[in-house]
Structures are given as C-alpha cells and as structure tokens.
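The values are calculated or read from the model by the stated rules, or taken from the named source; none is laboratory data. The structure presented is a predicted model; accordingly, all values stated were derived computationally and were not measured. Positions of Cβ are backbone-derived with ideal geometry, glycine not excepted, and every protein chain shown enters the neighbour counts. With ligands, DNA and RNA removed, areas are computed over all heavy atoms of the protein, side chains included. Shrake-Rupley method; radii C 1.70, N 1.55, O 1.52, S 1.80 Å.
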Amino acid sequence: MDMQLDPAGDDLPLMANTSHILVKHYVLDLDVDFESQVIEGTIVLFLEDGDRFKKQNRSVEEACQSESNKGCKLGMPEPCHVPVTNAMTFSSEMEYNDCAICSKGEKDTSDKDGNHDNQEHAAGISSSKRCCDTGNHGSEEFLLVLDCCDLSVLKVEEVDVAAVPGMEKFTRSPELTVVSEELRNQIVRELVTLPANRWREQLDYYARCSQAAGCGELLFDTDTWSLQIRKTGAQTATDFPHAIRIWYKTKPEGRSVTWTSDQSGRPCVYTVGSPVNNRALFPCQEPPVAMSTWQATVRAAASFVVLMSGENSAKPTQLWEGCSSWYYYVTMPMPASTFTIAVGCWTEVKMEPCSSGDSATETPFSPPEADFRHVGVCSHMEYPCRFQNASATTQQIIPHRVFAPVCLTGACQETLLQLIPPCLSAAHSVLGTHPFSRLDVLIVPANFPSLGMARPNKDKTGHTSDSGASVIKHGLNPEKSFMQVHYLKGYFLLRFLAERLGDETYFSFLRKFVHAFHGQLILSQDFLQMLLENIPEEKRLELSVENIYQDWLESSGIPKLLPDQLVLLLEHLLEQKTLSHRTLQSLQRTYHLQDQDAEVRHRWCELIVKHKFTKAYESVERFLQEDQAMGVYLYGELMVSEDARQQQLARRCFERTREQMDRSSAQVVADMLF
C-alpha cells in the first residue's frame with residue numbers, strides 16, 4: 001500500500017494483510033499479574049491462505065445479496081446441526097486433562113466438573129513491499145502482517161503440529177510421509193475446515209497443537225502499528241507456516257486494557273472499547289473481514305474471577321495454592337475486536353431461595369407456534385449454530401450469571417436479577433433465537449468508557465490496498481468519540497423507523513432480518529434495502545435508501561424525533577433561556593431526577609449548570625464520578641460558563657477521578673480544564 005502514516009496523526013491504520021492470509025483460530029495462554037499490571041503468555045495462530053477463503057467470501061456475498069429475504073446454503077458441505085449447549089463436555093481422552101499442572105507456564109484446559117462451560121521498520125503501511133504481495137518475486141519473502149501496538153513481542157516460532165499424536169488423520173496425501181512444511185500446513189488446512197458437528201474434536205486438537213513443541217524460530221519485526229513475521233525461504237502465503245506461536249507481554253500503559261479499581265476499591269482489569277480495539281492485548285487481524293474463533297486459558301490469583309466473551313460458563317480450576325485457571329472458548333467466527341476479558345474480585349450474585357417456590361421469572365414461557373418455522377439452512381460460514389436447533393429457538397431465557405463488586409451485590413439482588421429474565425424474554429420475542437447459549441452480566445467500574453469500538457465503514461476508511469491494509473480516518477482522535485453521534489443516531493434511526501412503519505410491521509421485519517443475516521458481517525445498506533423490500537408499498541411513506549442515508553448517515557447531528565417523554569421534557573427546558581430555581585426544585589422533587597437513568601440525569605445536570613442551581617451541584621459531582629464517559633461534555637459546560645464555582649467543581653471532580661478515567665476521556669477533559 002503506497003501510503004505513509006504520520007505517527008502523530010489521528011488516523012488508525014489497519015495493517016493486517018487479510019487479503020493474503022487469514023487467522024482462523026486463536027489459542028491464548030495467559031497470566032494476569034496485578035502487581036506489574038502486565039498480561040503475558042503465548043498466543044497460537046492457525047492460518048488459512050490462498051483462494052479458498054476468497055472464493056467462499058465472494059460466494060457468500062453474491063448469493064446473500066440476491067437472496068437476502070430467505071435462507072441460502074453457502075460455503076457449507078452440510079447444514080450445521082450441533083448446537084452449543086451446557087451439557088456437552090470435552091473428550092475424556094485429551095492428554096492435557098490428565099497431566100499434573102505444576103508450573104506457571106503450563107496450561108489447563110480441563111473441564112473436571114463436567115461442565116461444558118468449563119530492528120525497526122519505518123512507520124507506514126508501505127514499510128515493506130513484501131507485506132502487500134504474496135506472489136513469488138525471486139528472493140523476496142512473504143510477510144505475515146498482524147495488527148499490534150503497545151506489546152512486547154519476545155519470540156515467534158513455528159508449531160510442530162505433525163508431532164501431536166492423532167494428527168495423522170488430517171494428512172490426506174499418502175506421499176507426505178516425511179515431516180515437512182507442506183505436511184504441517186496440510187494438517188492445519190484440514191483442521192480449520194472440520195465440519196461444525198465436530199467442533200468439540202476441533203477444539204481438542206487446537207488445544208493439543210497449541211502445546212506442541214516449536215520447530216524453528218521465525219524472524220519478526222515490529223513498528224508502531226504492526227508485527228511482521230517471515231520465514232526464510234517462504235515466498236508465498238502457501239509456503240508460510242500455518243501454525244505459529246507468539247510469546248509476548250502487554251504493557252501497563254497499553255491502550256486495549258484498563259487497570260483500575262472497582263466500586264469496592266479492589267483491583268481489576270478489563271478490555272476497553274478503545275480506538276485501538278484489542279491490538280494492545282494480543283497480536284491479531286483487526287479488519288472485521290478476519291472472522292475467527294478462539295479459546296483461552298487465563299491464570300490469575302485465586303481471589304480473582306476471570307470473565308470473557310466465551311460461550312461456556314467457565315469455573316475456576318485450582319492449579320496450586322493461590323492460583324486458579326479459567327478456560328473459555330468461542331465456536332462462532334467473529335472479528336477479533338469482539339474478544340473481551342475482565343478480571344477482578346467480582347462476586348457472583350445469585351437469586352435468594354424463594355420460600356414460596358415461585359420461579360416464574362426463571363421459567364421460559366411457551367412461545368407462539370407460528371414464530372418458529374424458520375429452522376433450516378443458514379447463510380453464514382459453518383459453525384455450530386443455535387438457529388439450527390429447534391429447542392434453542394424456543395428458549396426465551398438463556399442461562400445467565402451476574403457478577404458485581406461486593407458493595408453492589410445487594411442492589412443487584414434486589415433489582416438486576418429481577419430484570420434480566422424479562423429482558424431476555426422480550427429480546428427473544430422481538431428478534432427470535434438467542435445467538436449464544438448463555439450470558440454473563442458484569443457491573444463494570446465507573447470509569448468504563450461506553451462509547452464503543454473503532455470500526456471501519458465505507459465512508460471513514462481510507463484506500464484499501466491489495467493486501468487488505470487500510471486506515472480508519474480520525475480513529476485515534478480522542479475527541480471524535482465524543483463529538484460523533486453515530487451510535488446514538490443508529491438507535492434513534494431504529495426508533496424513527498419503528499414509528500413510521502408501526503411496531504408490528506417493523507418488529508416482524510427485524511426478526512426476519514436477524515434470521516437471514518445472523519452470523520454474518522452486514523452493512524447499513526443491506527439492512528435498509530431488505531427493510532424496504534419487505535414492507536408493503538403503502539407503508540413505505542416515501543422512504544428510500546437514498547433519503548435515509550442523506551438524513552441519517554450523511555448529515556451531522558440527529559434528526560428531530562420523539563424520544564422518551566422525560567428526556568423530551570428536559571430537552572425542551574434546556575432551550576429556555578431562564579428558569580427559576582423554584583421551578584428546578586419542583587422538577588427535581590416531582591420527577592426524582594437524581595434517581596433516574598444516566599440519560600435523564602445528564603440533561604438534569606445540564607440544567608443545573610446552565611441555571612447555576614447551586615443546591616443541586618451535588619448531583620453534578622455524582623454524575624462526573626459515576627458516569628465518566630458521558631460526563632466529558634458536562635466538563636465542557638462547566639468551564640464554558642466562566643463561573644468560578646463551577647470551574648472549581650470541575651477541577652475538583654477531575655482530580656478525584658483522573659487516575660481511574662479511560663485515557664482518551666482524561667486527555668480530552670485535561671485539555672478543557674488546563
């Protein structure tokens with residue numbers, strides 16, 4: 001890609017050469033150390049090269065564009081019939097289940113309780129021509145380019161998958177009897193393409209392979225935004241090793257994780273929905289087209305709980321005194337940016353025993369028979385999909401766990417536990433089958449930034465090279481996440497469409513859309529095109545993809561619409577030039593504004609600041625401390641007012657919270673205050 005990046009600029013580069021080679025599966029084996037604020041260990045990548053995935057992706061795109069209103073069978077040798085359920089366990093023959101774990105470096109992937117649940121390159125994408133071409137060009141070697149920053153990469157090696165007992169079943173060519181690069185790569189090709197109904201066996205072999213010995217170190221270089229790996233003599237992606245192990249550690253200042261304290265003052269760490277996504281947590285392929293699965297073993301002190309975005313309800317396994325291991329996995333291919341981890345002294349909040357025996361909120365309701373006639377062949381790449389399982393489609397309330405800091409367990413028991421079942425049931429009634437078999441809910445620290453991840457789109461991404469590398473324009477500008485309202489606009493657009501079309505028509509379409517496109521990457525135009533194709537002519541009311549784009553995606557701000565009643569009232573009051581303190585006091589008393597949700601309290605705080613309602617400054621202080629991501633705008637209002645007391649309040653709150661704030665938020669606020 002003929003393009004140089006300014007290291008001081010605010011464009012986020014996507015360096016991975018996904019057009020040439022794709023990561024199909026990650027195996028992570030990590031230790032979390034709160035003393036040094038470092039996560040370290042290994043990650044094994046299983047790769048696929050060549051035209052196989054290109055042809056599959058093209059066929060999926062072409063077929064699903066023409067058949068968006070019905071299921072289509074694409075890239076699947078057979079329908080996926082095996083759902084992920086809580087009853088399945090790993091093979092009892094797995095060698096690593098039986099070995100005694102006695103050192104920090106060894107990993108534990110067992111499920112003993114039977115729970116399925118358990119050197120510098122120049123900065124710039126064109127730093128090497130080799131990362132943009134996989135062809136054979138004489139002495140040039142193929143580069144595997146991964147998105148990576150804020151990591152210390154210690155060693156990279158090829159994994160000898162051919163040495164794993166039982167892997168001979170994946171060698172289809174009788175002539176490949178001598179262990180060679182070609183044999184090892186063939187084994188990986190067969191492993192990553194196993195059918196969905198062999199997912200447990202596949203995870204088993206991924207785990208075995210990840211523990212295999214190395215068979216040669218690989219050359220690597222790092223720059224600001226990438227890790228570049230090559231093997232002497234490997235001139236194409238086909239020749240490049242398809243299973244590699246990377247030894248690395250994170251840095252305390254890494255932008256993908258936040259080391260902080262929970263509401264009880266205990267240490268914790270979590271992944272941040274930051275501009276750099278997960279590239280400062282592990283080397284990966286960031287472009288969303290790089291859909292992959294993963295499994296992870298994470299060790300931490302026994303007093304900590306490890307939660308991840310896995311499909312299983314993991315439980316801790318004690319390795320030695322004071323240390324526990326947690327194992328999670330995902331069988332649905334997803335972008336690397338969806339990988340999440342949170343480690344802290346969380347407490348699992350459980351429903352108190354009910355003396356009356358009434359457990360209505362935990363029992364799924366009987367679904368309308370007509371709602372579940374869509375079970376058939378899916379359109380996504382093959383994985384063990386719950387949409388293929390009749391019992392999963394009727395499961396309104398999936399198993400769920402709630403974790404919280406100790407000081408909030410009482411509130412969770414009284415309120416949150418009661419709300420989750422009806423929320424899950426409502427989601428099911430509108431959208432249909434839950435895509436995952438379980439759910440973990442975590443009460444995150446107050447400084448958790450809630451404005452989403454850096455994801456490219458067709459308007460904000462720069463030119464894409466032949467290798468797949470591109471740029472997210474302004475992706476690193478910390479102010480952009482607070483200035484842009486695309487997430488809010490998406491929500492309000494959906495509200496607008498529901499109002500225009502009517503709930504019955506709109507929700508019926510949503511359910512059909514989710515069934516047609518689950519497990520796939522989609523664009524806004526896919527959604528809008530299918531919507532307009534599936535509603536009666538008389539209900540379109542002059543709606544078109546073009547005018548929706550113009551009003552909602554290509555214009556700044558949010559079009560006028562009717563939001564929730566209380567928010568609307570406060571919005572109107574914010575337009576008034578003057579309001580008496582008596583009026584504000586009456587509003588607060590009548591609507592209990594200080595006890596409402598964050599959206600309402602934000603507008604209430606704006607009114608307090610605008611009209612210098614000093615009696616309610618305590619509400620502003622509380623908001624700035626408890627809702628830090630949303631409070632950034634409020635800091636600006638306090639400073640713009642040029643009122644000494646308000647500016648003092650802003651600085652006082654910032655001094656209290658700046659060490660716990662997410663880095664981008666703290667930078668923006670500091671620029672406002674000083």
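Structure summary
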{"quantity": "Some residue of the stretch 227-241 being open to solvent by 40 Å² or more (accessible area, probe 1.4 Å) and more than 24 Å from Q186 (Cα to Cα)", "calculated": "no"}
{"quantity": "A390 being out of contact with any Phe, Trp or Tyr (no Cβ under 9 Å at 6 or more places or on another chain), farther than 27 Å from K315 by Cβ, modelled with pLDDT under 95 and of a type outside the set (V, I, T)", "calculated": "no"}
{"quantity": "Test for G273: is it more than 30 Å from V145 (Cβ to Cβ), assigned to a loop (DSSP other than H, G, I, E, B), open to solvent by 10 Å² or more (accessible area, probe 1.4 Å) and not aliphatic (A, V, I, L, M)", "calculated": "no"}
{"quantity": "Members of the stretch 647-672 found to be part of a helix (DSSP H, G or I), hydrophobic (A, V, I, L, M, F, W, C), open to solvent by less than 30 Å² (accessible area, probe 1.4 Å) and closer than 28 Å to K615 by Cβ, listed by number", "calculated": "L649, A650, C653, F654, V669"}
{"quantity": "Hits in the stretch 141-155 (condition: closer than 14 Å to R230 by Cβ and buried (at least 24 other Cβ atoms within 10 Å of the Cβ))", "calculated": "F142, L143, L144, V145, L146"}
{"quantity": "Conditions (1) surrounded by 15 or more Cβ atoms within 10 Å (Cβ to Cβ); (2) under 29 Å from the mean Cα position of the chain (by Cα); (3) at pLDDT 75 or above; number of the one not met by Q525", "calculated": "(1)"}
{"quantity": "Strands (runs of 3 or more DSSP E) lying entirely in the stretch 1-65 (those with 2 or more residues that are at pLDDT 95 or above and in contact with a Cys (Cβ under 9 Å, 6 or more places away or on another chain))", "calculated": "21-33, 38-49"}
{"quantity": "Checking L566 against (1) closer than 16 Å to E621 by Cβ; (2) open to solvent by 30 Å² or more (accessible area, probe 1.4 Å); (3) among the aliphatic types (A, V, I, L, M), the condition it does not meet", "calculated": "(1)"}
{"quantity": "P287, sole failed condition from (1) at pLDDT below 90; (2) open to solvent by 20 Å² or more (accessible area, probe 1.4 Å); (3) closer than 29 Å to S210 by Cβ", "calculated": "(2)"}
{"quantity": "Single residue of the stretch 192-211 satisfying the filter (touching a Lys or Arg at 6+ places or on another chain (Cβ under 9 Å) and hydrophobic (A, V, I, L, M, F, W, C)) that is surrounded by the fewest Cβ atoms within 10 Å (Cβ to Cβ)", "calculated": "V192"}
{"quantity": "Members of the stretch 631-646 that are under 14 Å from M672 (Cα atoms), surrounded by fewer than 17 Cβ atoms within 10 Å (Cβ to Cβ) and more than 35 Å from the chain's Cα centre (by Cα)", "calculated": "V640, S641, E642"}
{"quantity": "Lone unmet requirement of (1) in a loop (DSSP other than H, G, I, E, B); (2) over 21 Å from V145 (Cβ atoms); (3) at pLDDT 95 or above for A296", "calculated": "(1)"}
{"quantity": "Failed condition for P421, given (1) of a type outside the set (D, E); (2) over 20 Å from the mean Cα position of the chain (by Cα); (3) under 22 Å from G344 (Cβ atoms); (4) open to solvent by less than 40 Å² (accessible area, probe 1.4 Å)", "calculated": "(3)"}
{"quantity": "Residues satisfying the stated conditions in the stretch 323-339, i.e. touching a Phe, Trp or Tyr at 6+ places or on another chain (Cβ under 8 Å) and either more than 20 Å from V192 (Cβ to Cβ) or aromatic (F, W, Y) (or both)", "calculated": "S324, Y329, F339"}
{"quantity": "Out of R645, R651, R663, R603, sole residue that is at pLDDT 85 or above and closer than 30 Å to W259 by Cβ", "calculated": "R651"}
